[in-house]
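Engineer: Take this structure first; my questions come after.
The values are calculated or read from the model by the stated rules, or taken from the named source; none is laboratory data. Just so it is clear, the structure is predicted and the values come from calculations on it, not from any experiment. Heads up, the Cβs are rebuilt from the backbone with ideal geometry, glycines too, and the neighbour counts pull from every protein chain shown.
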Amino acid sequence: MTFSSLPYPVNFVVKYTQKWADLFCSPESSIPDPNALCTRIRTNEDSWIVLTYLHLKRRNLNVFISDRFVPGEICVVSSPDLGIRDLTFNSFMVGCRGDGSKPALCNMAIVQNRANVESATDIFIPLWPQPGLIPRLKERGNTIENIVFNGYEINLYAPFCSSEFQQELENLGVKLIINGSPESGPVMWHDYSTNDLVLAVRDLTEKDALGKPASKLVNAWSAGVPALLGPEPAFRDLRQSELDYIEVKTPKAVLEAIQRLKAQPETYQKMVLNGFRRVQEFSVDNIIKQWCQALAEPIAENYKRWKQSSQIIHAAEFVPRIFKHKVASRQAAYNRFHGYRIVSGQYT
């Protein structure tokens with residue numbers, strides 16, 4: 001299925017306009033390649049609004065970038081950045097949920113985890129693959145020297161940050177690299193050139209984990225780097241064989257996995273080749289198709305019905321959304337810190 005035009009124009013609303021001032025100044029004839037912006041992609045708005053706009057606009061679709069909500073039209077926004085004071089009832093709102101709370105202020109939602117599809121107004125679309133991804137150098141072969149966590153150190157399960165674990169790694173000739181986001185300067189999450197293994201073990205609460213995407217696995221596949229991952233639902237949802245990734249919870253399990261891969265280089269290579277095969281379903285072209293289908297079918301159909309109602313009805317419908325938004329926000333904040341932890345097995 002291909003789309004030369006969407007049934008209705010779609011506005012991608014950027015709230016943090018200073019960061020993306022260059023996009024507002026650029027003529028539509030010179031839309032930048034998302035790969036050139038890889039070091040600027042940090043937030044939910046960057047990943048869902050800016051990247052989606054760029055990918056669709058570069059396919060000459062009738063999408064637009066905006067610094068405001070356009071009355072009477074479809075507006076796509078990062079829902080964690082949307083507030084009650086925005087008073088968006090005059091626009092048909094599509095919220096990109098990310099790992100935030102349910103977008104109660106929006107008419108429809110794009111979700112990054114199938115577990116968040118709770119009604120007909122929720123549409124699952126995978127997060128875009130890492131723009132500008134630099135794959136692992138082929139000349140590294142089966143070398144295992146660097147195991148890398150892309151993210152903030154506070155999010156890595158604490159036992160993996162211990163000096164004892166790092167010493168055990170060193171005994172195997174391996175170094176743990178925590179590739180965090182610097183306070184200033186570009187992020188380098190796109191560079192896998194010297195990564196030999198990806199590590200991602202986060203002791204999330206059970207409910208908080210339901211909102212996380214499978215991006216760490218998908219990007220590892222794309223980069224040609226075997227992954228050692230925690231028991232997150234998004235990873236398990238994609239798992240088809242033991243070659244997809246190795247599930248781990250403890251430093252001991254990681255050390256054992258490293259020893260096995262060092263002793264069985266053929267398994268390492270099988271995981272790399274399997275990843276290259278699996279990642280095809282998450283190509284930019286495939287995700288563009290999913291976005292176009294969502295915008296041309298369920299979103300367009302709901303928007304058409306919404307247009308038939310008056311502004312008075314839209315305003316009246318917004319009132320209960322305010323209360324639902326407050327409840328959803330409080331519940332998400334609570335779930336982030338309270339509940340069963342998927343790695344440690346503790347309740348907090």
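Engineer: So which of Glu242, Glu266 ends up being free of Cβ contacts under 8 Å to residues at least 24 places away in the same chain and in a loop (DSSP other than H, G, I, E, B)?
Structural biologist: Glu242
Residues checked against (1) farther than 19 Å from Gly98 by Cα; (2) among the aliphatic types (A, V, I, L, M); (3) out of contact with any Pro (no Cβ under 7 Å at 6 or more places or on another chain):
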| site | (1), (2), (3) |
| --- | --- |
| Phe3 | yes, no, yes |
| Ala21 | yes, yes, yes |
| Cys38 | no, no, no |
| Asp46 | no, no, yes |
| Lys57 | yes, no, yes |
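Engineer: Could you tell me which of the residues Thr194, Thr88 is within 24 Å of Leu255 (Cα to Cα) and of a type outside the set (D, E, K, R)?
Structural biologist: The conditions single out Thr194.
Engineer: Based on what the data block shows, is Ser26 at pLDDT below 95 and under 20 Å from Lys304 (Cβ atoms)?
Structural biologist: No, not satisfied.
Engineer: Only one of Pro32, Pro80 is under 22 Å from the mean Cα position of the chain (by Cα), free of Cβ contacts under 8 Å to residues at least 60 places away in the same chain and part of a helix (DSSP H, G or I). Can you tell me which?
Structural biologist: Of the residues listed, the single one that is under 22 Å from the mean Cα position of the chain (by Cα), free of Cβ contacts under 8 Å to residues at least 60 places away in the same chain and part of a helix (DSSP H, G or I) is Pro80.
Engineer: Scan the stretch 329-345 for residues that are free of Cβ contacts under 8 Å to residues at least 12 places away in the same chain and closer than 21 Å to Val248 by Cβ and jot them down.
Structural biologist: Gly345 - this is the single residue of the stretch 329-345 that is free of Cβ contacts under 8 Å to residues at least 12 places away in the same chain and closer than 21 Å to Val248 by Cβ.
Engineer: Is the stretch 131-139 home to any residue that is touching a strand residue (DSSP E or B) at 6+ places or on another chain (Cβ under 9 Å) and surrounded by 20 or more Cβ atoms within 10 Å (Cβ to Cβ)?
Structural biologist: no
Engineer: Here is a further query. Which ones in the stretch 284-317 are part of a helix (DSSP H, G or I) and of a type in the set (Asp, Glu)?
Structural biologist: The answer is Asp285, Glu301, Glu317.
Engineer: Does Ile31 qualify as being of a type in the set (Val, Ile, Thr), modelled with pLDDT under 95 and assigned by TED's automatic domain parsing to the domain that holds Val94?
Structural biologist: Yes; evaluated as a whole, the condition is true for this residue.
Engineer: If you don't mind, another one. On the given criteria, is Leu228 free of Cβ contacts under 8 Å to residues at least 60 places away in the same chain and assigned to a strand (DSSP E or B)?
Structural biologist: Criteria not met by Leu228.
Engineer: Let me ask something else about it. When the stretch 250-271 is examined, which residues are found to be in contact with a Pro (Cβ under 8 Å, 6 or more places away or on another chain) and surrounded by fewer than 18 Cβ atoms within 10 Å (Cβ to Cβ)?
Structural biologist: Correct list: Thr250 only.
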